Amino acid sequence: MTVRRNSSREVVYNSSELYSNILKRRNKDFIEQYVTGELKYPTQVQIQSLFLKRHMWVMGDRFWKLSATNYGDPELWWTIAWFNKRPTEAHVRYGDIVYIPHPLDKLYSYYGI
């Protein structure tokens, strides 16, 4: 089962004057938007309870590839990126160690999702 990081975000309806031209052009009364979600980062004690697979970043690596290989689902790429505090591949250099956390259900409970 794929866990989406945005699955529990609250929906708000925005009818702000700022959007009046857009609303008028689209013949709408409001814009449906999602509240920006916040993930908790695991504590040191929680991290110690996880199995962390070490991976040395090499040319051609992508978070989605690591996710597909380790979790069987490329859409869980954000799990590895968030855990390593590296939002994109541009934040990782060749030779850096990236940790791939397991098990996912325990990690997601620490994230608050």
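The values are calculated or read from the model by the stated rules, or taken from the named source; none is laboratory data. Computed from a prediction, not measured in an experiment: that's the story for all the values here. Positions of Cβ are generated from backbone atoms using ideal geometry, with glycine treated the same way; all protein chains shown enter the neighbour counts.
Are any residues in the range 8-58 assigned to a helix (DSSP H, G or I) and more than 19 Å from T79 (Cβ to Cβ), and if so, which ones?
Taking the range 8-58 as the starting set, the residues that turn out to be assigned to a helix (DSSP H, G or I) are 17-25, 44-48.
Scanning the range 8-58 gives E17, L18, Y19, S20, N21, I22, L23, K24, R25, V45.
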Quick one: would you say G72 is out of contact with any helix residue (DSSP H, G or I) (no Cβ under 9 Å at 6 or more places or on another chain), at pLDDT 95 or above, of a type outside the set (K, R) and over 15 Å from L107 (Cβ atoms)? yes
Would it be correct to say that K40 is surrounded by fewer than 13 Cβ atoms within 10 Å (Cβ to Cβ), in contact (Cβ under 8 Å) with a residue 60 or more places away in the chain, within 18 Å of Y110 (Cα to Cα) and under 13 Å from the mean Cα position of the chain (by Cα)? yes
Against the conditions (1) over 23 Å from E10 (Cβ atoms); (2) in contact with a Leu (Cβ under 6 Å, 6 or more places away or on another chain); (3) touching a residue at least 24 places away in the same chain (Cβ under 8 Å), where does Y111 fall short? Just the number, please. (1)
Check off (1) more than 16 Å from the chain's Cα centre (by Cα); (2) surrounded by 14 or more Cβ atoms within 10 Å (Cβ to Cβ); (3) in a helix (DSSP H, G or I) for T79 and give me the number that stays unchecked. (1)
Could you check, for the range 44-51, whether at least one of its residues is among the hydroxyl-bearing types (S, T, Y), surrounded by 10 or more Cβ atoms within 10 Å (Cβ to Cβ), touching a strand residue (DSSP E or B) at 6+ places or on another chain (Cβ under 8 Å) and at negative phi? no
Consider the range 58-80. How many of its residues are in contact with a strand residue (DSSP E or B) (Cβ under 9 Å, 6 or more places away or on another chain) and of a type in the set (A, V, I, L, M)? 2
Would you check which residues across the range 82-103 are β-branched (V, I, T) and either more than 15 Å from the chain's Cα centre (by Cα) or assigned to a helix (DSSP H, G or I) (or both) and list them? V92, I97, V98
